[in-house]
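Working notes for the structure below.
The values are calculated or read from the model by the stated rules, or taken from the named source; none is laboratory data. Note that the structure is predicted; figures quoted are calculated from it, not measured. Positions of Cβ are generated from backbone atoms using ideal geometry, with glycine treated the same way; all protein chains shown enter the neighbour counts. Keep in mind that these areas ignore ligands, DNA and RNA; they rest on the heavy atoms of the full protein, side chains included. Shrake-Rupley method; radii C 1.70, N 1.55, O 1.52, S 1.80 Å.
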Amino acid sequence: MTALAFTRHAETRLNQRGVPPFVVELLDRFGAVRRSCGAEKIYFDKKSEKALRKYFGGARGLRMIEPFLNVYAVFSEDGAVITVGHLQKRVGSE
């Protein structure tokens, strides 16, 4: 995985929301993307969860990141992480 660039705002949000940086790396690698206003919102969908399950060697391995499956990250056009949060509702139902 390549090192991600986090804005100061994103670093603050990671700390406030208790999200480890490796979760954002997993989002970058396995997450579903939704484009909006030149930025990308990346989140875990069912396809992502299936890929993560395979990556971690089954449902048992997936349990360690299960509390973070509702996390999303917003990336700028240049690939920097702008912010991180927890989904309050399904993406697409906005």
**OP:** Only Cα pairs under 8 Å and at least 6 apart count here; give the relative contact order of the chain as a rounded whole percent.
**Re:** 34 percent
**OP:** Enter the angle in degrees (range 0 to 90, nearest 10) between the Cα long axis of helix 46-55 and the first principal axis of the Cα atoms of the chain, meaning the one along which they spread out most.
**Re:** 60 degrees
Subject >> Dipole moment magnitude, nearest 20 debye, region 1-53 about Cα centre, only Lys, Arg, Asp, Glu C-beta charged >> reply: 220 debye
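State to the nearest 20 debye the size of the charge dipole of the chain about its Cα centre, where the only charges are +1 on K and R beta carbons and -1 on D and E beta carbons.
Using only the charged Cβ atoms, the result is roughly 460 debye.
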Original post:
For the Cα atoms of the chain, what angle does the longest principal axis make with the long axis of helix 8-17, in degrees from 0 to 90, nearest 10?
Top reply: 40 degrees
**OP:** Give the accessible area for Glu66 in Å² (nearest 10); use a 1.4 Å probe, count only protein heavy atoms, and leave out ligands, DNA and RNA.
**Re:** 110 Å²
**OP:** Determine ³J(HN,Hα), in whole Hz, for all residues of region 27-44 in sequence, where each value follows from phi through the Karplus function 6.51 cos²θ - 1.76 cosθ + 1.60 and θ = phi - 60°; x replaces Gly and Pro.
**Re:** 4, 4, 7, 10, x, 7, 10, 10, 7, 7, 6, x, 10, 10, 9, 10, 8, 8
Original post:
Mind checking the dipole of region 39-94: about its Cα centre, +1 per Lys or Arg Cβ, -1 per Asp or Glu Cβ, Debye to the nearest 20?
Top reply: 500 debye
